[in-house]
Amino acid sequence: MIKLLTIIGARPQIIKAAALSRAIKNKFQKAIQEVIVHTGQHYDENMSQVFFDELQIPSPDYNLNTGSGSHGKQTASMITGIEEILLKEKPNAIVLYGDTNSTLAGAIAASKIQVPVIHIEAGLRSYNKSMPEEINRIMCDHVSTLLFSPTKAGYENLLKEGFKSNNHAPYSFDNPKIYHCGDVMYDNSLHFSEVAEEKTTVLKHNNLKAGGFILATIHRNNNTDEPLRLNALFRALNAIATENKTKIVLPLHPRTAKLLPVNLDPELYTQVQANGYIQIIPPVSFLEIIALEKNASMVITDSGGVQKEAFFFQKPCIILRSETEWVELVECGSARITDADEIKIKEAYKHFSSAKSLNFPRLFGDGRAAEFICGEVLKYIN
């Protein structure tokens, strides 16, 4: 039996970890032992513990309780804690997800003491190094032993950066193996979509009808912290809702909710509050966001995960960023990048609301990516 140390710290990682934990429980219980470390990067119980309970992920074996702070302070604290656990547990490998500070901390701590790194969601690139996430994912990839890319574009990005497709075992961070394996989040969306319909009341509670609303999410710092961008976004949402008599449902992160009255122009803030077509609701659980995505007519978001989930449920998506790691969504025409440009957002809405048909090709695997990953880990990690 091999031991894997899984690092999670933010809501998306907790959700992604559910797919691997489920695969281990259902298919690899006798071959893989999983030790879960929660860095505490997101420390609000509503933003983390609820997901463990809802997705039936085993409770963390360790919690570093890092909390928020500057990038340097937060990452340094996590490196220290993760290194101590690695030395104590002596795992065969560390499993890292995505591109958060927890990912970077795990990659640094493990690579320094020669613990193999398994990176799930490898190869994703926005080609915008002003994003902390871009730095984190690049650094993690380049000290990883097994790299699992969810998309063909991600796999090709790794080839461009010098990774080789024909390396032979034994694998190490000097001789890594790269894969195009499908997306664990697609695994999760398939698994939980029916559960969401049965176990959530978010539609009924908010008086929403299938196809009768747009789902919007805004959480990235450069959108919430910069008044010019935040005002542009909410002017666009306010105009779309008002001019088209279209309901927009906006689950709002507590941090964003606090910034609205500070960063929005007073007149716009008053208009948004009085707009009967804009429905601001508290943060929702993973199952609830799945139910909202599945039943929305369109999605407007700055979240990478929500972009993909919109695609999984065949919903057009307006991306409130200047770039996306999920370039395939834009290339196939199911998503448009608008950044925080009021005119482009309204044009994208007009385009998608009148589009007769959109293309949603099978880009993210067969829904069994987590099982594939476990099988490959067993082959090459010892």
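The values are calculated or read from the model by the stated rules, or taken from the named source; none is laboratory data. Computed from a predicted structure; not experimentally measured. Note that each Cβ is placed from the backbone with ideal geometry, even for glycine, and that neighbours are counted across all protein chains shown.
Taken as a whole, segment 256-265 holds no residue that is assigned to a helix (DSSP H, G or I), among the small types (Gly, Ala, Ser) and more than 30 Å from Lys199 (Cα to Cα). Any residue at all in segment 167-183 that's free of Cβ contacts under 8 Å to residues at least 24 places away in the same chain, outside the structural domain of Lys112 (by TED's automatic domain parsing) and surrounded by fewer than 20 Cβ atoms within 10 Å (Cβ to Cβ)? No, segment 167-183 contains no residue that is free of Cβ contacts under 8 Å to residues at least 24 places away in the same chain, outside the structural domain of Lys112 (by TED's automatic domain parsing) and surrounded by fewer than 20 Cβ atoms within 10 Å (Cβ to Cβ). The listed residues are Leu260, Leu233, Leu228, Leu264, and the only one of them that is closer than 18 Å to Asp339 by Cα, within 25 Å of the chain's Cα centre (by Cα) and either surrounded by 14 or more Cβ atoms within 10 Å (Cβ to Cβ) or touching a residue at least 12 places away in the same chain (Cβ under 8 Å) (or both) turns out to be Leu233.
Looking only at residues of segment 77-101 that are modelled with pLDDT under 95 and among the hydroxyl-bearing types (Ser, Thr, Tyr), we find that the one that is surrounded by the most Cβ atoms within 10 Å (Cβ to Cβ) is Thr100. Being under 17 Å from Ala17 (Cα atoms) and surrounded by fewer than 17 Cβ atoms within 10 Å (Cβ to Cβ) is a property that does not hold for Gly367. The criterion of at least 1 residues that are of a type in the set (Phe, Trp, Tyr) is met, among helices (runs of 4 or more DSSP H) falling completely within segment 79-184, by 152-160. When Ala340 is tested against (1) touching a helix residue (DSSP H, G or I) at 6+ places or on another chain (Cβ under 6 Å); (2) assigned to a loop (DSSP other than H, G, I, E, B); (3) within 30 Å of Ala23 (Cβ to Cβ); (4) at pLDDT 95 or above, only condition (3) is not met.
Here's the yes/no breakdown for (1) closer than 22 Å to Glu325 by Cα; (2) in contact (Cβ under 8 Å) with a residue 12 or more places away in the chain; (3) touching a Pro at 6+ places or on another chain (Cβ under 9 Å):
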{"position": "Ser68", "(1), (2), (3)": "no, yes, no"}
{"position": "Gly72", "(1), (2), (3)": "no, no, no"}
{"position": "Ile82", "(1), (2), (3)": "no, yes, no"}
{"position": "Ala107", "(1), (2), (3)": "yes, yes, no"}
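Every listed requirement among (1) closer than 25 Å to Glu34 by Cβ; (2) assigned to a loop (DSSP other than H, G, I, E, B) is met by Asn188 save one, (2).
Out of curiosity, is Phe372 crowded, with 18+ Cβ neighbours inside 10 Å, at pLDDT 95 or above, within 21 Å of the chain's Cα centre (by Cα) and not in a loop (DSSP other than H, G, I, E, B)? Answer is yes for this residue.
Can you confirm whether segment 338-353 contains a residue that is more than 19 Å from His191 (Cβ to Cβ), acidic (Asp, Glu) and not assigned by TED's automatic domain parsing to the domain that holds Arg229? No: segment 338-353 contains no residue that is more than 19 Å from His191 (Cβ to Cβ), acidic (Asp, Glu) and not assigned by TED's automatic domain parsing to the domain that holds Arg229.
Of the residues making up segment 131-165, those that are surrounded by fewer than 18 Cβ atoms within 10 Å (Cβ to Cβ) and modelled with pLDDT under 95 are Pro132, Lys152.
Of the residues making up segment 305-334, just one is closer than 17 Å to Leu233 by Cα and small (Gly, Ala, Ser), namely Ser322. Scanning segment 24-40 for residues that are touching a residue at least 60 places away in the same chain (Cβ under 8 Å) and of a type in the set (S, T, N, Q) gives a single hit, Thr39. State whether one or more residues within segment 201-208 are more than 20 Å from the chain's Cα centre (by Cα), of a type in the set (S, T, N, Q) and not assigned by TED's automatic domain parsing to the domain that holds Met298. No, every residue in segment 201-208 fails to be more than 20 Å from the chain's Cα centre (by Cα), of a type in the set (S, T, N, Q) and not assigned by TED's automatic domain parsing to the domain that holds Met298. For segment 1-46: of the residues being part of a loop (DSSP other than H, G, I, E, B) and modelled with pLDDT of 90 or more, which is farthest from Cys181 (Cα to Cα)? Within segment 1-46, the match that is farthest from Cys181 (Cα to Cα) is Thr39.
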